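Worksheet: the structure to be examined is printed underneath.
The values are calculated or read from the model by the stated rules, or taken from the named source; none is laboratory data. Only a predicted model underlies this, so the values are computations on that prediction, with no experimental measurement involved. Methodologically, a virtual Cβ is constructed for each residue, glycine included, from the backbone with ideal geometry; neighbour enumeration extends over all protein chains shown. Protein only, heavy atoms only, side chains kept; ligands, DNA and RNA dropped before computing areas. Shrake-Rupley method; radii C 1.70, N 1.55, O 1.52, S 1.80 Å.
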Amino acid sequence: MSQAALAAALRRERLIALIAMLLVAALAWGYLLYLAAQMRAMAMPAMANVSMSHLQMMSPALAPWSWPLAAYLFAMWFVMMVGMMTPSAAPLVLLYLGVARHAASSGHRFASGSWLFAGYLLAWAAFSLLATLLHWWLESAALMAPTMQAANSRIGGAVLLAAGLYQWLPMKNLCLTQCRAPLQFIQQHGGFQRGAGSSLRLGFVHGSFCVGCCWLLMLMLFVVGVMNLLWIAGLALLVLLEKITPRALWIVRVTGIVAIAGGIWLLLR
């Protein structure tokens, strides 16, 4: 294959992959919009079209916890993470496709890039499971309102304070560095390998660093409302800016200061 044909094939594959990832994110956001609409219907007098079973799913405070409810909330958290974090996986996946295409021109075949993406999402599925368990504990301790936000300002203040302080810790910078530089990450973790299992593992490790970078920012949703779409979109944009802008450290530090100030304000209030 000539260099021109190789470059054209690579551009086509990257465009298809990018469109597919954007579609995944769009579907996730569509589901979140649907859930948010159901929650708004709960707060309105005319709720005849919203079944009691659905209300219990949307607000665990209305019913005891059960396995179906836990599965429902896990799906909610996971879909939310897919919508928020899929754009952050794009640089790694597109880089993988470039390496795989060049390898294919030399007679070596790599596993599909979907394995890498699946490993990345698997890390966020693990986070979603932990968030669901935390959600359950807060509900059990009567520390969450039916609107899915902390019912106690001290809990909210503590979460904001912890999130702000974490922005200044070396662990945050370590994880962010791994997320911001996919090529450096690949070189430090054995490089690309052709097997599907190896690609899945590599995606999971990369996703784990991204979880380590952002997990406390995600838990801030317990303060502002788990289904607050404006905050979900704002946090998704913040995470993306941390990973793609040259002045990311300034964004991290300023975010930390704002979160610390908000936490102190809630605690004193």
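Of a type in the set (A, V, I, L, M, F, W, C), at negative phi and in contact (Cβ under 8 Å) with a residue 12 or more places away in the chain: is that true of Ala126 in this structure?
The answer is yes for Ala126.
In segment 127-157, how many are open to solvent by less than 50 Å² (accessible area, probe 1.4 Å) and among the aliphatic types (A, V, I, L, M)?
8
Kindly provide the set of residues from segment 238-257 that are more than 18 Å from the chain's Cα centre (by Cα), open to solvent by less than 90 Å² (accessible area, probe 1.4 Å) and basic (Lys, Arg), ordered by number.
Arg253
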